[in-house]
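Input: one structure, supplied below.
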Amino acid sequence: MERQAMKGKDLNLGLQLIATLLLLCLCYTCEVAEGKSQQTTKKTYIVHMDMSKMAATYEDHLQWKLNYSEKQSGILSVLPEMIYKLHTTHSPEFLGLGSSDSVVPASASSSEVIVGVLDTGVWPEIKSFDDTGLGPVPSTWKGTCEAGKNFNSSSCNRKLIGAQYFSKGYEAAFGPIDETMESKSPRDDDGHGTHTATTAAGSAVSGASLFGYAFGTARGMAPQARVAAYKVCWLGGCFSSDILAGMEKAVADEQWHRGFLSRARPGNSGPSPGSLTNVAPWITTVGAGTLDRDFPAYVSLGNGKNYSGISLYSGKPLSDSLVPLVYAGNVSNSTSGNLCMTGTLVPSQVAGKIVICDRGSNSRVQKGLVVKDSGALGMILANTELYGEELVADAHVLPTSTVGQRAADAIKNYAFTDPKPTATIASGGTKLGVEPSPVLAAFSSRGPNLVTPEVLKPDLIAPGVNILAGWTGAAGPSGLTRDTRHVSFNIISGTSMSCPHVSGLAALIKGAHQDWSAAAIKSALMTTAYATYKNGENILDVATGQPSTPFDFGAGHVNPMAALDPGLVYDASVDDYLSFFCALNYTAADIKQITNEDFTCDSSKKYSLGDLNYPSFSVPLETASGKGGGAGVTSTVKYTRTLTNVGAPATYKLSMTSKTQSVKISVEPESLSFAKENEKKSYTVTFTATSMPSGTSSFAHLEWSDGKHVVGSPIAFSWT
């Protein structure tokens, strides 16, 4: 990769993300130091500038800042405004947690941990925010419960300890919030924020379900932790300045009094390679996998064939009698009628029938509403090649079964060839013990990391498909405006669901290990993750039906029981990330632009991106054949890592597995002995690679074990 070009692109287009996240890490470090010396805490103010007022000689806000505003004291950064879109009962058992009290008994330390959620707000009345059994609010908490429309300051309690909203960025772009459409307050009118907050740290609620589906006790990953909600997302999206303001306030509230770990979803743009976002190394990037739970909806055809799909429909079921079956593309007034978009179906041709709709373009639940409005009795939602065998459950408004591509093709073939095709749909309730599980969700965005290939992304995966958690009272479970059903829990899918699982698990680990840094917690989660089933095969990719790779799942699927006792961790500090910037050839001005710190890279020191003390390895090789790497040409790359002992004294031995003969891997030393807790030991890995065609990738796995703990790291090779 051309580093200089990358630097300019990164600063110009992606700086707001780095500034939002790393800057707050560094400002927080300074804030703690100032507190110890009893100095006045510094505050950051966000000002929205009209770009039309910028002098025409400047191409963008960044150039304006670099050429003018840096001369003005007190200006930290000038960034373009950006808009971001919003990308459980069984999860604890699936993750091996059982009753969380049996894993980490309730204690003062576990209830001192605060999970901050920047999202669409919260619905405070649901039982998931019950504070029964919790002690006083942590003394370090300095946040507030901000009143606004439909939200009183008394809405908070010892569980939901803070709630605030940030809308200046949104209103600078769109004008005042329309309070007939949404609440200008921390009140969640969407449901997304309530779902993520309760997934991470919701209190235990017995008898939870969505219309009887997924019945059980719902609880977050860290049910003893406190929740602080920062509403930064509105109907028009999530503005970067509102997100930054929310994060800045969270730091001021001291919810990260002993350090914080930032989690982010990679996106729902899978399964295309290189489709993930949020690739900065200080972020834990979490992909999505499935649980071993399903909600089957069976399709029976007139030819005697039966197929299993998925659905969360809860209304009056269809009778056992078969009814006429039609394909939407054949009963439409539009060339795209197969997609069941608004106004495309001919009512007289679908009334009293089951309609087959192809997935794509409009939402899955909206297709059902279109079919219902046209007078049909039910819908079969057919996956196309793009979605493969991925089955995502929805609370449909009419009897529905979403089926995978293979079943969809068979059902459509029957509808096309039989002179009088018929079908019916029946619900199968909730099914547990589905195998194999987990499998990687097709929508989960994939690596490799196209920005800094030396950092493997995603970091790991967690449950993100068909997750039950708390919901808002302002929206029905389908999210459709016309859906008047009210529920306390909903089942939805996305990397936005897997991310709060890891947030909650990080809080759980923090409660057990108060002195661990954010990097140590991240390391514990990654090095104990699993990437294979019991038979040794890699976790399957539902998009392809084939084994997935570290470019899909990172270190693997989170394993919280093991993460509570990892043995060793890869720790990292602010200095490590500053060295990372130096390896990117950032100047002192570049670094100050990001961190507001005066830091100059040591010109006599050789910085390497691969030397960031990361729990995984990614090795881009520039010996691709046809690009200067002919046959017999080799390249050598060395990475250094440092491990910190967080367990008892022990000696760890190295083991290595590799799926390629094109890279020779050597490690020095091959044994690490730790005599005490917090002792550090370093090792160096040398990769010697032969030439391979451009675009080739391969993988290996490095492990350190003392017989009790296994500290694993995936290794990814890519020839560029």
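Here, each number is a calculation from the coordinates, and none is a lab measurement. This one's a predicted model, so the numbers in the text were calculated from it and none came from an experiment. For neighbour counting, all protein chains shown are included, and Cβ atoms are generated from backbone atoms with ideal geometry for every residue, glycine included.
Which of the aspartates and glutamates could a cross-linker bridge to residue 249, judged by Cα under 18 Å and excluding same-chain residues fewer than eight apart?
31, 34, 119, 146
Ok, one more. Students often get this wrong, so check it: of 149/231; 168/367; 457/659; 510/605; 457/680, which have C-alpha atoms separated by over 24 Å?
Numbers: 149/231 13 Å; 168/367 35 Å; 457/659 19 Å; 510/605 35 Å; 457/680 26 Å.
Violating the 24 Å Cα-Cα cut-off are 168/367; 510/605; 457/680.
Would you please classify the overall shape of segment 163-246 from the alpha carbon gyration tensor, given that a ≥ b ≥ c denote the square roots of the eigenvalues, rounded means a/c under 1.5, and beyond that prolate means a/b larger than b/c while oblate covers the rest?
Prolate shape, in that a/c is at least 1.5 and a/b is the bigger ratio.
Take residue 671, project a point 7 Å from its Cα along the Cβ direction, then tell me which residues of segment 638-659 have their backbone nitrogen under 14 Å from it.
Answer for segment 638-659: 650-655.
So, in nm, how far is label residue 406 from label residue 600 when the simple model puts each one 7 Å beyond its Cα toward the Cβ?
A separation of 6.5 nm, rounded to one decimal place.
Over segment 296-429, what is the percentage of antiparallel beta bridges among all DSSP beta bridges, to the nearest 5?
On the way: 15 of 27 bridges.
If we restrict to bridges inside segment 296-429, about 55 percent are antiparallel.
Once a ≥ b ≥ c are taken as the square roots of the eigenvalues of the Cα gyration tensor of segment 296-429, is the result rounded (a/c under 1.5), prolate (a/b larger than b/c) or oblate (a/b not larger than b/c)? Write down the numbers at each step before the final one.
Values: a/c = 1.17, a/b = 1.09, b/c = 1.07.
Rounded shape, in that the Cα axes give a/c under 1.5.
Any idea how far apart residue 561 and residue 298 come out in nm if each label point goes 7 Å out from Cα toward Cβ?
Reported label-point gap for residue 561 and residue 298 is 3.4 nm.
State, to one decimal in nm, how far the label point of residue 319 lies from the label point of residue 622, with both points 7 Å from Cα in the Cβ direction.
7.4
Shifting gears a bit: When a/c reaches 1.5 or more, the comparison of a/b and b/c decides; with that in mind, is segment 616-720 rounded, prolate or oblate per its Cα gyration tensor? If you can, show how the numbers build up before the last one.
Values: a/c = 3.18, a/b = 2.73, b/c = 1.17.
The shape class here is prolate.
Next up: Set the Förster distance to 41 Å, then compute FRET efficiency between residue 130 and residue 575 from the Cβ-Cβ distance, nearest 0.05.
Details: r = 43 Å, r/R0 = 1.04.
Here the calculated transfer efficiency is 0.45.
Between segment 626-695 and segment 353-401, how many Å separate their Cα centres?
Cα centres, segment 626-695 to segment 353-401: 49 Å.
Now for a separate question. Which of the peptides 643-652, 154-163 is most tightly packed, and how do the rest follow, going by the mean number of other Cβ atoms within 10 Å of each residue? Write down the numbers at each step before the final one.
Values: 643-652: 18.0, 154-163: 21.3.
Going by the mean number of other Cβ atoms within 10 Å, highest first, we get 154-163, 643-652.
For segment 296-429, with only Lys/Arg (+1) and Asp/Glu (-1) charged at the beta-carbon, what is the dipole magnitude about the Cα centre, in debye rounded to 20? Write down the numbers at each step before the final one.
On the way: 10 positive and 9 negative charges, 48 e Å.
The calculation lands at about 240 debye.
At 0.36 nm per residue, minus the direct Cα-Cα distance, what do residue 664 and residue 532 gain on full extension? Give it in nm, one decimal, please.
That works out to 45.2 nm of additional length.
Can you work out the FRET efficiency for the pair residue 152 and residue 217, with r the C-beta to C-beta distance and R0 = 22 Å, to the nearest 0.05? Walk me through the intermediate numbers first.
Details: r = 29 Å, r/R0 = 1.32.
With a Förster radius of 22 Å, E is 0.15.
So who's got an amide H within less than 5 Å of the one on residue 184, skipping anything under 5 residues away but keeping other chains? H placed 1.01 Å off N, in plane.
Sorted by chain and number, the residues that satisfy this are 149.
Can you give the Rg and Dmax of segment 492-616 based on its C-alpha atoms, in angstrom?
According to the Cα coordinates of segment 492-616, Rg and Dmax are 18.0, 53 Å.
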